[in-house]
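Worksheet: the structure to be examined is printed underneath.
The values are calculated or read from the model by the stated rules, or taken from the named source; none is laboratory data. What you see is a predicted model, and the numbers here were worked out from it, not measured in a lab. So basically every Cβ, Gly included, is an ideal-geometry build from the backbone, and we count neighbours across all protein chains shown. Calculation scope for accessible area: heavy atoms of the full protein, side chains included, ligands and nucleic acids excluded. Shrake-Rupley method; radii C 1.70, N 1.55, O 1.52, S 1.80 Å.
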Amino acid sequence: MAAGDAALIKKINRSLIINEIVKHEAISRANLSKVTKLTRATISAQVADLIEEQLVVEKEIEYNLVGRKPTMLSLNAEAGYALGIDLERNQLTFVVTDLLGSPVSVDVMRCDCTNYADTLRLLIAQISSYQQQYNGRRYGLIGIVISVHGLVSSDEMIHFIPRLDWHQAPLKQDLQAALGVEVHIDNNANLSAYAERVFVHHPTKNLISVSLYSGIGMGMIVNDQYFSGHDGFAGEIGHMIVVPAGKPCECGNQGCWEKYASETIVFEALSKLYPDQKLDYTFILQQVEQGDQRLADVMEQYIYYLTIGLNNVINIYNPDVVVLDSGLLRIYPDALNKIKAGLRSRISHYHGLYISELGRTSCTLGACAKSIQQFLDIPALSLPYHAALSLPAAAPEYTLSSSME
Ligand SMILES: [Zn+2]
């Protein structure tokens, strides 16, 4: 066997072993040998290397039975940290997770993040502070992935973000030049679909995840592959026209779906009805409890248009699983049944329709998971669900000026 072949086989075996350790959370060497079908000697040698690299730790589990306590192997979750950033029009969200995808910090910055140069400076300053914070750990920050609500080309160039009016923005290159580390850029809906796969483990090869926040985007897994289109722009479903000659959209068209079924539209409608009110999910829930008909009308209208678009999406893809990533739907009583009732077509076929439980930070969790998979160099990643759900309920909010002088 040539030396190159031996090195390749060693690399493949390593990836296989790490994959099983992550998947099982804790596994003995004997079981590892069983599930990977590798010899005990190979397992021992590889595990010794992984322990030496501080990527894997040994733990003895308590046993009531007499005899030796089995030594279990687990990923050393604290060996490195992933940073996921969600870049939205009025806010930046920074989520740091350990190597098992468990969030250790969530910071939300309100800012007027429309100007590219100011946003770039803000990102550089903030990422640098995270780099310093995690410097002392074995691998420090292992990866940085930024989620953007717009078109990202296959080479990770930001092609167009309608709500920021950014065209051909070289955010990846600019950040890498300033920070001296690799940075990745992806579309928010793609990252949310990825998070569903990594944390929720839907047993399917055909899943679509529709993100309904300031705009509407869609991530797609088709026949077990992520589908991103010829240029990487697929999934811009928010710009599907649902009302001919309807409301004008930043994309240059009229009547786009996200002008009728995004959260932005709901809050715009509410701000006209309740001009002096601080509008948030809590307010919406209060009005629901009080039986406020004006609010119910806005929500009914929202769900009506949401269902129109979903009907079209389902007919195009015939998905197995449809995940709706939406804060509003998560809190609104009976939302799922109302949507299902609206999907009346005898042609539309899907099997499961769910509201995502990952919350508003699903794209940042997907961003962190992407870094973890790249760092561990494994073909697929499956992380514990409880890790994703342990996100702090109320993220701290503070305001920073986008100008850093
Ligand atoms: Zn549009």
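For the reader, a short list of remarks on this structure follows.
- Rolling a 1.4 Å probe over the protein heavy atoms of the chain, with every protein chain left in place, gives an accessible area that is 51 percent carbon and sulfur.
- Dipole-positive endmost among GLN286, TYR274, GLY229 within the range 204-355 (Cβ charges, Cα centre): GLY229
- For TRP166, the residues whose modelled amide H falls within less than 5 Å of its own, excluding neighbours fewer than 5 places apart on the same chain, are ILE161.
- Label separation (LYS37 vs SER15): 1.7 nm, computed from points 7 Å beyond Cα along the C-beta direction.
- Residue order for THR39, THR364 - accessible surface, 1.4 angstrom probe, largest first: THR39, THR364
- Across all Cα atoms of the range 3-75, the radius of gyration (one decimal) and Dmax (whole number) stand at 12.9, 47 Å.
- Here the alpha carbons of the range 168-232 define both size measures, Rg and Dmax, at 14.2, 41 Å.
- Quarter the surface of the alpha carbon convex hull of the range 260-374 and you get the mean projected area, 8.6 square nanometres.
- A Förster radius of 30 Å, combined with the Cβ-Cβ distance separating LEU353 from GLN277, puts the computed FRET efficiency at roughly 0.40.
- In Hz, Karplus ³J(HN,Hα) per residue of the range 163-170 (6.51, -1.76, 1.60; θ = phi - 60°; x = Gly, Pro): 6, 9, 6, 9, 10, 6, 8, x
- Counted residue by residue at 0.36 nm each, then reduced by the alpha carbon distance between them, the extension gain from LYS69 to LYS23 reaches 14.4 nm.
- The residues of the chain expose on average 47 square angstrom of accessible surface per residue, using a 1.4 Å probe on protein heavy atoms.
- Over the chain, the fraction of Cα-Cα pairs per 10 Å bin, rounded to whole percents and listed from the shortest bin up, is 4, 20, 29, 25, 14, 6, 2, 0.
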